[in-house]
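Contents: one structure, followed by commentary.
The values are calculated or read from the model by the stated rules, or taken from the named source; none is laboratory data. Note that the coordinates shown come from a computational prediction; the quantities given were computed from them, not determined experimentally. Here the Cβ is made from the backbone with ideal geometry for all residues, glycine too, and neighbour counts use every protein chain on show.
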Amino acid sequence: MINNPRNLLWMVPLLFLATSPLWKPLVSAFLAPRGGYNPKLAQLEADSPIQNFIMDEVVITLTSNGKEEWQIDADRAYTSEQDHDIEMVGVSALYIGTEKEPTGITSKKGKYYIDKRHLVLTERVVISKPTKNQQLLSERIDYYDATKMAVSPGKVELRAPNLKLTAGRMDYDLSTGGYDFSNRVKVDL
């Protein structure tokens, strides 16, 4: 019947087609996806942070109207839960925004809200003006760039030669250099 082996070649597809009811259910069961369909996996995660980082030995420079105002050094900086918040540990800041003397600030922790241009320094905050030999001690300082105000909502202590001032709250206008102390102010001369 078949004299030439080349004629067997057309028999292979015919054999697959004829036996397909036997092997097709097994192959389709093997190739079927496992575990079902989860629509959440097909969508992009919209609320995931865009910028996540943890960095050691960071220097952050803040400018206003193209002029450098703050130089903030931190031992460590990282993003928080919100995209536009930077948390810092081991903060040493230098305010150089006005034509007046530079003001140095140190604290254990800090947080900068990028959208609001709001800097918060917490835990053992020390503000020093070396040329006037002044130090201001507090547990929290909030700096608002829009108003150029530094606010300490809690207890503050101002030390200078022949002066020791304690108060329950302090507002300091960096543009004018004016202090406003309130809540049980006590001055020792």
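Residue-wise test of (1) among the β-branched types (Val, Ile, Thr); (2) loosely packed, with under 15 Cβ neighbours inside 10 Å.
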{"site": "His84", "(1), (2)": "no, yes"}
{"site": "Thr106", "(1), (2)": "yes, no"}
{"site": "Leu119", "(1), (2)": "no, no"}
{"site": "Glu123", "(1), (2)": "no, yes"}
{"site": "Lys129", "(1), (2)": "no, no"}
{"site": "Leu163", "(1), (2)": "no, yes"}
Check your understanding: Which condition number in (1) buried (at least 17 other Cβ atoms within 10 Å of the Cβ); (2) in contact with an Asp or Glu (Cβ under 8 Å, 6 or more places away or on another chain); (3) of a type outside the set (D, E, K, R); (4) within 19 Å of Val59 (Cβ to Cβ) is the one that Val89 fails?
Key -> (1)
Revision key, fill the gap. Here the residues within segment 169-184 that are farther than 16 Å from Ile105 by Cβ and in a loop (DSSP other than H, G, I, E, B) are Ser175, Thr176, Asn183, Arg184
Exercise for review: Within segment 97-116, count every residue that is farther than 19 Å from Arg76 by Cα and in contact with a Ser or Thr (Cβ under 8 Å, 6 or more places away or on another chain).
Suggested key: 4
**Study point:** Ala146 vs. criteria in a strand (DSSP E or B) and not aromatic (Phe, Trp, Tyr)
**Key:** no
Point to revise | Residue in segment 157-177 that is out of contact with any strand residue (DSSP E or B) (no Cβ under 7 Å at 6 or more places or on another chain) and free of Cβ contacts under 8 Å to residues at least 24 places away in the same chain present | key: yes
Practice item. Kindly indicate which of Ser138, Ser182 is among the hydroxyl-bearing types (Ser, Thr, Tyr), over 27 Å from Thr63 (Cβ atoms), touching a Gly at 6+ places or on another chain (Cβ under 7 Å) and touching a residue at least 12 places away in the same chain (Cβ under 8 Å). Key: Ser182
Exercise for review: Tally the residues that are at pLDDT 80 or above and not in a strand (DSSP E or B), restricting the search to segment 85-101.
Suggested key: 1
Review point. Within the set of pairs 6+ apart or on separate chains, which have a first residue in segment 61-82 that is free of Cβ contacts under 8 Å to residues at least 40 places away in the same chain and assigned to a strand (DSSP E or B), a second that is surrounded by 15 or more Cβ atoms within 10 Å (Cβ to Cβ) and of a type in the set (Lys, Arg), and C-beta atoms under 6 Å apart?
Key: none
Review point. Do you know which residues across segment 114-135 are in a strand (DSSP E or B) and either within 28 Å of Asn65 (Cα to Cα) or within 18 Å of the chain's Cα centre (by Cα) (or both)?
Key: His118, Leu119, Val120, Leu121, Thr122, Val125, Val126, Ile127, Ser128, Lys129
Point to revise | Evaluation of Lys148 against (1) within 26 Å of Asp83 (Cβ to Cβ); (2) under 20 Å from the mean Cα position of the chain (by Cα) (one fails), failing number | key: (2)
